[in-house]
Amino acid sequence: MEKYHERLVKFKEIAANSENIVFFGGAGVSTESGIPDFRSQDGLYNQSYKHSPETIISKSFFYRNTSEFYRFYKDKMLYKGARPNPAHIKLAELERDGKLLAVITQNIDNLHQEAGSKNVLELHGSVHRNFCQDCGRAFAGIDVILDAEDVPRCACGGIIKPDVVLYEEPLAPDILEKSIKAIEQADTLIIGGTSLVVYPAAGLVNYFHGKHIVVINKAQISANSRAELLFDENIGKVFGDL
Ligand SMILES: [Zn+2]
């Protein structure tokens, strides 16, 4: 791999010459804002949770064991102090400059919007939207969940459920369709904080017919054969230097 400085110069050239950038982001974008990937730390949970994160964050578990679901969810998935990092901020800037079409993210933390991004396609939903399962009333933000002593409930008595795609639930078809359309229109695809080779990035990248693929990811970098440019540095650093 070329030296960081040389790759950065190439990345700057690509960004300068692109008009329709699409960014696809995974958990690594959020970890640099202090939000750990709940899936990658099974070992830690064994001490205080009887089930794996994948079991707890599933649709059937939510309805069967709502109280335990929320104990985990509040503890491991809501981060009140998290703030956008230089990657979020630079992506919002590229959109404002008319160079970026869309941010497609697997993250649920709202940090792209907090940085100022408008067209954010949230494949896995958002912890900032919640709905009563009985009357449909919407609750914005995470305080309604954090402030509830046990299971958060609506005034009507119904259980409030976050608008997050749980295991056993399909991705929202409209978001998936918009993501595919954005990738089809892109001249440059930047994949950050996830590998190009894992689901769903691997499938979505097949819709890309543009010029440049740039991957910024700390692991699994050797397998990214379609990528023109690879970074294994921190994503916040690379976007901060762009
Ligand atoms: Zn209700």
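The values are calculated or read from the model by the stated rules, or taken from the named source; none is laboratory data. Treat the numbers as computed from the prediction; the structure is a model and nothing was measured. A quick note on method: Cβ atoms are made from the backbone with ideal geometry, for glycine too, and the neighbour counts reach across all protein chains shown.
Note on the stretch 90-139: residues that are surrounded by 16 or more Cβ atoms within 10 Å (Cβ to Cβ), in contact with a Phe, Trp or Tyr (Cβ under 8 Å, 6 or more places away or on another chain) and among the small types (Gly, Ala, Ser) amount to 1.
Condition test on residue 62, is it away from the ligand (no atom under 16 Å from the Cβ), surrounded by 15 or more Cβ atoms within 10 Å (Cβ to Cβ) and over 17 Å from residue 192 (Cβ atoms)? Considered against the rule, which asks whether it is away from the ligand (no atom under 16 Å from the Cβ), surrounded by 15 or more Cβ atoms within 10 Å (Cβ to Cβ) and over 17 Å from residue 192 (Cβ atoms), residue 62 comes out as yes.
Annotation note: Cβ proximity below 6 Å between a residue of the stretch 177-199 that is farther than 27 Å from residue 237 by Cβ and a residue that is hydrophobic (A, V, I, L, M, F, W, C) (sequence gap 6+ or interchain) occurs for 178/121. Selection of the stretch 89-137 for residues being of a type in the set (Gly, Ala, Ser) and either touching a His at 6+ places or on another chain (Cβ under 8 Å) or over 14 Å from residue 20 (Cα atoms) (or both) yields 92, 115, 116, 117, 125, 126, 136. Restricting attention to the stretch 138-173, the residues that are in a helix (DSSP H, G or I) and modelled with pLDDT of 95 or more add up to 4. Contact map, the stretch 62-86: residues that are farther than 14 Å from residue 162 by Cβ paired with residues that are assigned to a helix (DSSP H, G or I), Cβ distance under 6 Å, separation 6+ or inter-chain. Pairs shown: 84/111; 84/114; 84/115; 85/236; 86/236; 86/239; 86/240. Consider the stretch 134-172 and keep the residues that are within 12 Å of the ligand (Cβ to nearest atom) and touching a helix residue (DSSP H, G or I) at 6+ places or on another chain (Cβ under 9 Å). The one that is farthest from residue 60 (Cα to Cα) is 139. Evaluation of residue 129 against the conditions (1) more than 30 Å from residue 196 (Cα to Cα); (2) within 16 Å of the ligand (Cβ to nearest atom) shows that the sole unmet condition is (1). Among the helices (runs of 4 or more DSSP H) confined to the stretch 20-122, the ones with at least 3 residues that are closer than 28 Å to residue 182 by Cβ are located at 27-31, 86-96, 111-115. In the stretch 189-203, the qualifying residues are those that are under 18 Å from residue 120 (Cβ atoms) and not in a helix (DSSP H, G or I), and the one that is modelled with the lowest pLDDT is 200.
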